[in-house]
Amino acid sequence: RLAPPSFLHSGLLLALAAAGAVYFLVYRTHLGYELRASGSNRQFARYGGINVGQYFVLPLLLSGGLTGLGGAVQVVGRYQSCFTDLTAGLGWNGIAVALIARNNPLAVVPAALLYAYLSAGAKAAMINSDVTFELAAIIQAVIFYLITAEAAMAFFRRRLNG
């Protein structure tokens, strides 16, 4: 543990290193260029000579490996044992963080901190006031919808103007 009263453990350092490694892979290597090209436009990538078929499976393997590594670090770092319902809802949390970060590996770290701040604030509000779980979930959902809507509007503006 990094801060003994809390559950913060060395998995944080591993997560930061993984975010940096994924950024380097995706934005600084030939493989990353082909991954991005295949994900953005299959026809263009195929025309450019990229084997699009292999880039269907490779991102799944990489993301599955990172997810498994994250789960293993969580088990070893926080619980020291594995039990049922260990990761209930963490997949959806990951999707929400990826939406906030707009799939940028380096933006995942501040997006995850924002998400954790919102979750902790919602729990504190539920404990210390009359705020129910449902109301806290609705407020969080509205925040995520606004962030996603802003990203969607920027995407559509780029499509219409470019």
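General remarks:
- Selection of the range 123-162 for residues being in contact (Cβ under 8 Å) with a residue 40 or more places away in the chain and within 17 Å of residue 89 (Cα to Cα) yields only 144.
- Test: residue 79 is within 29 Å of residue 154 (Cα to Cα) and hydroxyl-bearing (Ser, Thr, Tyr): no
- Test: residue in the range 37-56 that is of a type in the set (Lys, Arg) and at pLDDT below 85: no
- In the range 96-109, the count of residues that are touching a Phe, Trp or Tyr at 6+ places or on another chain (Cβ under 9 Å), at pLDDT below 80 and not aliphatic (A, V, I, L, M) is zero.
- Residue count for the range 99-122, restricted to those that are without any contact (Cβ under 8 Å) to a residue 12 or more places away in the chain and either open to solvent by less than 40 Å² (accessible area, probe 1.4 Å) or assigned to a helix (DSSP H, G or I) (or both): 8
- Qualifying residue in the range 130-145 (condition: modelled with pLDDT under 85, closer than 22 Å to residue 23 by Cα, surrounded by 11 or more Cβ atoms within 10 Å (Cβ to Cβ) and of a type in the set (Gly, Ala, Ser)): no
- Options 60, 13: the member that is open to solvent by 50 Å² or more (accessible area, probe 1.4 Å), within 18 Å of residue 113 (Cβ to Cβ), of a type in the set (A, V, I, L, M, F, W, C) and free of Cβ contacts under 8 Å to residues at least 24 places away in the same chain: 13
- Tally, over the range 26-57, of residues that are assigned to a helix (DSSP H, G or I), out of contact with any Lys or Arg (no Cβ under 9 Å at 6 or more places or on another chain) and open to solvent by 50 Å² or more (accessible area, probe 1.4 Å): 15
The values are calculated or read from the model by the stated rules, or taken from the named source; none is laboratory data. None of these values were measured; they are calculated from a predicted model. All Cβ positions, glycine included, derive from the backbone under ideal geometry; neighbour counts span all protein chains shown. Accessible surface areas use protein heavy atoms only, side chains included; no ligands, DNA or RNA. Shrake-Rupley method; radii C 1.70, N 1.55, O 1.52, S 1.80 Å.
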